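Trainee: For reference, the structure I am asking about is given below.
Any read-out appearing in this document is the output of simple, stated calculations on the displayed coordinates, not a laboratory observation. Everything numeric here is computed off the predicted structure, so don't read it as measured data. Note that we place each Cβ from the backbone using ideal geometry, even for glycine, and neighbour counts take in every protein chain shown.
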Amino acid sequence: MALSVAIVGAGPGGFYAAEALAKADPGVQVDILEYLPTPYGLIRYGVAPDHEKTRRVARTFERTANREQVAYYGNVRLGRDLSLSELREFYDAVVLATGAPLDRAPEIPGAAMPGAYGAAEFVDWYNGHPDWRDLRPRVTGPAAAIIGNGNVALDLARILLKRPADLAATDIAEHAASALERSGITEVSLIGRRGPVEAKWTNVELREMGQLHGCAATLDPAVLPEVVTGVADARAKRLAEKNLASLRGFAQSNAEGATKRLNFQFYARPVEILGDGWVTGLRLERTRLEQGRAVGTGEHFELPCSMVLHAIGYRAEPIPEVPFDGARGIVKNDQGRVAPGVYAVGWIKRGPSGVIGTNKPDGDLVAKQIAQDITASGKPGRPALEAALAARCIRWIGFADWKRIEAAEVAAAAGGAPRRKFVKVEDMLGLLAGPARQASR
Ligand code: NAP
């Protein structure tokens, strides 16, 4: 009997696992379950709209989905449509690949103030994620502050500062494009609790911030050390040196004529989001480093702004029946092993770090673990899943259905955009129920 594996989550973690399993065992049956009708997770809803090239990896995932051993079941939610116990009854192995879709929020007064948003919800909003299309953030200028010095913070800053014309040829959701066009944001501050050497962003992404049309990247050159010290790892040291060089370039560049400003604020930790029913500013404390950690100096200052975005990391959503490590925001696991026959890959296993390709080794490992752990396959797999879904009248989306959705999105695109995303699940299902309609937003 063929080994049957259910993968929950159709993002990079799930697809790399499916590919590794299919490659390792020509007889395996791999079913990818996803709560949205659309596959690709972070590729579709996390990658910034102006980074379309990064989305090309979806072509690789499509080849995986088209493998004979692999089937896609979109619009099927674990915990609502099926329980984990049921999946374990149906399949020899279950791989959890649901990522880390939730924000870690700063634990400071005012964190819930209207006008303060987490990166996960804000990114999902501008990327047209159906769950966040109604976020309706009040994107008002002239100033916004972004907490965090990672690549997500840079994504947010770029999207806030780019001219509407620069976003026109992207698949940014129309509701976001029009809100940003009206925003009047001319100044964005990027807040780092540590220094430029400790920042987590990568250099290509940092350099891009110096190329924004009509926008000057500014910082106090006094915060830039002459040389990088205290970084033992050679690769991390080279990255820090490149980042310093880029920041030096920003500090020396001529800001004349710029109508927008991106201001790097290092050694500043947020202590309160200020406001009275709406964000009016951010109160910060100057820091110094002690053994690599940011320690408050007692010197405070305020940064007026009408919007605060925090990009300080993501966490996974707990899964019913699965032990959860709340502090790390991941499922409890031992190198990916969660329980007999249950595994985890990607950000729900490791936490939110690395690039898309970092998920590939997780896929390779889980394929090996399953081969080691499960020597006899005796579960029904796909027929049992389909019978349960049919009995519950759940309209699952196969990969061919998704291709129809995708084709409609591509056909509806205008002005050089790669696609015009559906932002409502019901519109996607409506398209599949009837003759092709225009993508609605
Ligand atoms: P990240 O790289 O871990 O950066 C998080 C930032 O938040 C750090 O600067 C961290 O500072 C700061 N922070 C954490 N807690 C804080 C607090 N309580 N107060 C103030 N600051 C705090 O996370 P991310 O930016 O969310 O990115 C997640 C992963 O996705 C990363 O691996 C990233 O490279 C990847 N990604 C890549 C791209 C790309 O390649 N273009 C785009 C987006 C995301 P400390 O260092 O002091 O903790």
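Trainee: Defining a contact as two alpha carbons under 8 Å apart and six or more residues distant in sequence, what relative contact order in percent does the range 29-74 show?
Mentor: Numbers: 36 pairs, mean separation 30.8, N = 46.
Over the range 29-74, the number comes to 67 percent.
Trainee: Continuing with the same structure: With unit charges on the beta carbons (Lys and Arg positive, Asp and Glu negative) and the dipole taken about the Cα centre of the chain, which residue among 303, 90, 247 sits farthest to the positive side?
Mentor: 247
Trainee: Could you give the C-alpha radius of gyration of the range 331-404 expressed as a fraction of 2.2 N^0.38 Å, taking N as the number of residues it contains?
Mentor: Working: Rg = 15.8 Å, N = 74, 2.2 N^0.38 = 11.3 Å.
After normalising by residue count via 2.2 N^0.38 Å, the value is 1.40.
Trainee: Which of 362, 134, 155 moves most in a GNM of the chain, Cα contacts under 10 Å?
Mentor: Between 362, 134, 155, it is 134 that shows the largest mean-square fluctuation.
Trainee: Same structure, new question: Between the helical axis of 360-373 and the dominant principal axis of the chain, each derived from Cα atoms, what acute angle in degrees is found, rounded to the nearest 10?
Mentor: 30 degrees
Trainee: Under 10 Å, Cα contacts only: if you run a Gaussian network model on the chain, which one of 62, 285, 256 comes out with the highest mean-square fluctuation?
Mentor: 256
Trainee: Shifting gears a bit: Which number do you get for Rg(Cα) / (2.2 N^0.38 Å) in the range 329-372?
Mentor: Values: Rg = 10.1 Å, N = 44, 2.2 N^0.38 = 9.3 Å.
Normalised Rg, Cα atoms only: 1.09.
Trainee: Stokes-Einstein diffusion coefficient for the range 153-225 at 37 °C in a medium of 0.692 mPa s, Rh from the Kirkwood formula over Cα pairs: what value in µm²/s?
Mentor: On the way: Rh = 13.8 Å.
Result for D is 238 µm²/s.
Trainee: Then there's this: Rounded to the nearest Å, what's the spacing between the alpha carbon centres of the range 1-34 and the range 61-118? Just the number, please.
Mentor: Centre-to-centre distance over Cα atoms comes out at 15 Å.
Trainee: At a threshold of 8 angstrom on Cα-Cα distance, excluding pairs fewer than six apart, so keeping six or more, what relative contact order does the range 110-215 reach in percent?
Mentor: Working: 121 pairs, mean separation 36.7, N = 106.
35 percent.
Trainee: If you don't mind, another one. Can you tell me the relative contact order of the range 240-378? Whole percent, Cα pairs under 8 Å, sequence separation 6 or more.
Mentor: Numbers: 157 pairs, mean separation 16.6, N = 139.
It rounds to 12 percent for the range 240-378.
Trainee: In addition: What is the order of 347, 278, 201, fewest Cβ neighbours within 10 Å to most?
Mentor: Working: 347 29, 278 13, 201 23.
Fewest-to-most Cβ neighbours within 10 Å comes out as 278, 201, 347.
Trainee: Can you give me the angle between helix 12-24 and the longest principal axis of the chain, using Cα atoms only, in degrees from 0 to 90, rounded to the nearest 10?
Mentor: Helix 12-24 sits roughly 40 degrees off the main axis of the chain.
Trainee: When the Cα centres of the range 342-387 and the range 123-201 are compared, how far apart do they sit, in Å?
Mentor: The two parts, judged by their Cα centres, are 33 Å apart.
Trainee: Given the options 300, 129, 310, which has the most mean-square fluctuation in a GNM of the chain, springs set between C-alpha atoms less than 10 angstrom apart?
Mentor: 300
Trainee: As a test, work out the antiparallel percent of DSSP beta bridges whose residues both lie in the chain, rounded to the nearest 5. Intermediate values should be presented prior to the final figure.
Mentor: Numbers: 24 of 63 bridges.
Rounded to the nearest five, the antiparallel share is 40 percent.
Trainee: Still on this structure, please answer the following. Let me check I have the definition right: for the chain, take the eigenvalues of the Cα gyration tensor, multiply each by 5, take square roots. What are those semi-axes in whole Å, largest first?
Mentor: Details: eigenvalues 319, 132, 76 Å².
Square roots of five times the eigenvalues give 40, 26, 19 Å.
Trainee: Let me ask you something else. Among 143, 280, 219, which residue has its Cα furthest toward the positive end of the charge dipole of the chain, with +1 on Lys/Arg Cβ and -1 on Asp/Glu Cβ?
Mentor: About the Cα centre, the residue reaching furthest to the positive side is 219.
Trainee: Ok, one more. Where does the chain land at 222 nm, in deg cm²/dmol rounded to the nearest 500, when only DSSP H runs of n ≥ 4 count, each adding -39500 (n - 2.57), divided by all residues?
Mentor: Working: 15 runs with 140 residues, N = 441.
-9000 deg cm²/dmol, from helical runs alone.
Trainee: Using r as the Cβ-Cβ distance of residue 52 and residue 400, and R0 as 30 Å, what FRET efficiency do you calculate, to the nearest 0.05? Each step should come with its number before you reach the end.
Mentor: Details: r = 24 Å, r/R0 = 0.81.
That pair, residue 52 with residue 400, gives E of 0.80.
Trainee: Continuing with this model, one more query. Suppose every K and R has +1 on its Cβ and every D and E has -1 on its Cβ; what is the size of the dipole of the range 332-441 about the Cα centre, in Debye to the nearest 20? Walk me through the intermediate numbers first.
Mentor: Working: 18 positive and 10 negative charges, 43 e Å.
Magnitude of the dipole: close to 200 debye.
Trainee: Now for a different question. Output the 0 to 90 degree angle, nearest 10, between the alpha-carbon long axis of helix 382-391 and the longest principal axis computed from the alpha carbons of the chain.
Mentor: Relative to the chain, helix 382-391 is tipped by roughly 80 degrees.
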